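The values are calculated or read from the model by the stated rules, or taken from the named source; none is laboratory data. Keep in mind the model is a prediction, meaning the values are calculated, not measured. With ideal geometry, Cβ positions are generated from the backbone for all residues, glycine too; neighbour counts draw on all protein chains shown.
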Amino acid sequence: MARCIVPEAEAILDQEFKVLDKGFVRLVDYLGSDSRIVQAARVSYGEGTKTFRQDRGLINYLMRNQHTSPFEQVNFTFHIKMPIFVARQWIRHRTARVNEISGRYSILPDEAYLPPREQINFQSEDNKQGRSSEAVSEELQDKVLQILQEDQARAFETYHTLLDMGIAKELARVNLPLSIYTQWYWQMDLHNLFHFLKLRLDPHAQWEIRVYAETILSIIRKVCPMATEAFETLILSGKSFSGSEMGALKKVLNGEENPLTGREKVLFEEKFS
């Protein structure tokens, strides 16, 4: 079976797509495409690629019915630069193969993340791990940015002082903040990549990792447009319901009162907002 070549993907190989103030996502390599997905799905009965319409229909069928193994035939390798606190969330997706820059071997650059003003918000009152949408005054924004910049500058000054004293790099780095940037090569198959994107494109995910997920989605759309369309239509824009929610939905459609209460009712209603 010949290697799948996608002209739209070839055009962006090694191109840096800027994310946040100093980060980026870069597609290093890809293996497979929409055609590889349908070839893998049809191999059991010996038929290869058919028409565009048939291939698109098959991919939608596979996505809708969670037949995931054909999507695992496609792999992506990215070079990504991100703040440490984003990387710590990212690494929770353990199905990837990762090789990260090491502060034990390399002198880390003086690069740290500063949030844009519109992303400086108060703590959410109903989400213990998120921000509220309440606007913050420009005066408070200035104060927050000043504190972050001063602490980052102090941490980098200490880091270089320790290095100049001959202290080992693995010790000199220990006081550097979570806002410093790291880089890694990150490889994942398309099935698990879609799962990563489903979680990290969710509005409840932290904004900083969402913008990386949005960039990755735009990249894989060039490599596997039919599979990405199916994912966006059936998974990202789709809804799933528990047994109790299905019962409530039937009652609501019949003009009856929603029997759900408390948090379960809130989550149910959020699916229609």
In this structure, is residue 226 surrounded by 15 or more Cβ atoms within 10 Å (Cβ to Cβ) and part of a strand (DSSP E or B)? no
If only one of 230, 205 is farther than 27 Å from residue 11 by Cβ and among the hydrophobic types (A, V, I, L, M, F, W, C), which one is it? 205
Go through 148, 176 for me and flag whichever is in a helix (DSSP H, G or I), more than 12 Å from the chain's Cα centre (by Cα) and more than 30 Å from residue 64 (Cβ to Cβ). 148
Exactly one of 190, 236, 176 is touching a residue at least 24 places away in the same chain (Cβ under 8 Å), surrounded by 13 or more Cβ atoms within 10 Å (Cβ to Cβ) and in contact with a Cys (Cβ under 7 Å, 6 or more places away or on another chain), and that one is 190
Might you let me know whether the stretch 199-214 holds any residue that is over 13 Å from residue 76 (Cα atoms), assigned to a loop (DSSP other than H, G, I, E, B) and among the hydroxyl-bearing types (Ser, Thr, Tyr)? no
Being free of Cβ contacts under 8 Å to residues at least 40 places away in the same chain, in contact with a Lys or Arg (Cβ under 8 Å, 6 or more places away or on another chain) and surrounded by fewer than 11 Cβ atoms within 10 Å (Cβ to Cβ) narrows it down to one of 138, 134, so name that one. 138
Which fully enclosed helices (runs of 4 or more DSSP H) of the stretch 25-98 have 2 or more residues being of a type outside the set (Ser, Thr, Tyr), surrounded by 15 or more Cβ atoms within 10 Å (Cβ to Cβ) and at pLDDT below 95? 34-42, 52-64
